[in-house]
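These notes concern the structure reproduced below.
The values are calculated or read from the model by the stated rules, or taken from the named source; none is laboratory data. Not measured: the values here are computed from a predicted model. Because the Cβ atoms are built from the backbone with ideal geometry, glycine has one as well, and the counts that use them run over all protein chains shown.
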Amino acid sequence: MIGIIDYGMGNLHSVEKALVKLNAQTLIIQKPAQLAELSALVLPGVGAFDPAMQRLSEGGWVLPLQQWVKQQKPLLGICLGLQLLFESSDEGCLPGLQLLAGKVAPLPQIPGEPIPHMGWAPLELTASNSLFVPGSTPDWMYFVHSYAAIPVDPSCITAYAPYGTSKVVASVGRGALQATQFHPEKSGNAGLLMLRRWLQTLP
């Protein structure tokens with residue numbers, strides 16, 4: 001059973017719909033006490049960093065999520081759910097979940113590139129993990145974001161996406177902890193394929 005965390009700031013129904021389309025058993029959860037029923041978690045998110053961390057803290061999620069990842073149980077973060085995994089964000093002042101070292105910073109100001117970064121972009125893969133096939137044709141994924149992660153250890157970066165003359169972190173991963181800045185549930189067949197690969201790694 002895959003739990004989709006409902007803390008009031010997630011695109012959980014579109015995520016649930018995509019997973020159900022892949023024949024996954026899902027459960028939208030509101031309380032950490034429900035974790036005992038689950039084999040994997042999805043942390044979705046849309047919105048700003050501080051309000052999201054405030055809701056996770058008020059819901060009693062911070063320590064249980066830290067323990068979940070420490071126990072090497074699968075967790076997939078999506079969009080804001082990726083950013084919350086880090087120590088802090090320039091978007092606010094509250095600490096993040098501190099599951100990955102680094103921070104979240106505003107997208108660079110590049111002439112001709114609007115902020116937020118919205119639309120389709122190809123992935124530039126950097127490492128083998130449970131979400132992508134190294135050496136495959138670049139998958140195009142759907143992005144909507146104004147901030148991007150800057151990990152302390154670049155070895156956790158599993159894909160980049162182009163952004164004007166620069167590039168931004170598109171996904172990160174370390175063991176059972178995986179996360180995407182893009183929205184796989186809104187990325188058509190490429191996103192579904194990525195989610196299927198993730199499902200195939202679950203216990």
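The residues on offer are L41, L100, and the sole one that is within 21 Å of V169 (Cα to Cα) and either in contact with a strand residue (DSSP E or B) (Cβ under 9 Å, 6 or more places away or on another chain) or surrounded by 19 or more Cβ atoms within 10 Å (Cβ to Cβ) (or both) is L100. Within the stretch 143-156, residues that are closer than 16 Å to V46 by Cβ sit with their Cβ atoms under 9 Å from residues that are of a type in the set (D, E), at 6+ positions apart or across chains, in these pairs: S146/E91; Y147/D90; Y147/E91.
Checking each residue of the stretch 16-32 against the condition of being buried (at least 19 other Cβ atoms within 10 Å of the Cβ), closer than 18 Å to W198 by Cα and over 16 Å from the mean Cα position of the chain (by Cα) gives at least one match. Filtered by the rule that a residue be over 23 Å from L193 (Cα atoms) and either part of a strand (DSSP E or B) or of a type outside the set (A, V, I, L, M, F, W, C) (or both), the stretch 137-158 gives S146, Y147, A148, A149, I150, P151, D153, P154, S155. Selection of the stretch 92-136 for residues being of a type outside the set (A, V, I, L, M, F, W, C), closer than 21 Å to P51 by Cβ and not in a loop (DSSP other than H, G, I, E, B) yields G102, K103, P106, H117. Just one residue in the set S166, S146 is among the polar types (S, T, N, Q), touching a Pro at 6+ places or on another chain (Cβ under 8 Å) and modelled with pLDDT of 95 or more; that residue is S146.
Every condition in (1) crowded, with 20+ Cβ neighbours inside 10 Å; (2) in a loop (DSSP other than H, G, I, E, B); (3) among the hydrophobic types (A, V, I, L, M, F, W, C) holds for A161 except the one numbered (2).
Here L177 fits the description: at pLDDT 95 or above, more than 20 Å from G47 (Cβ to Cβ), buried (at least 19 other Cβ atoms within 10 Å of the Cβ) and of a type in the set (A, V, I, L, M).
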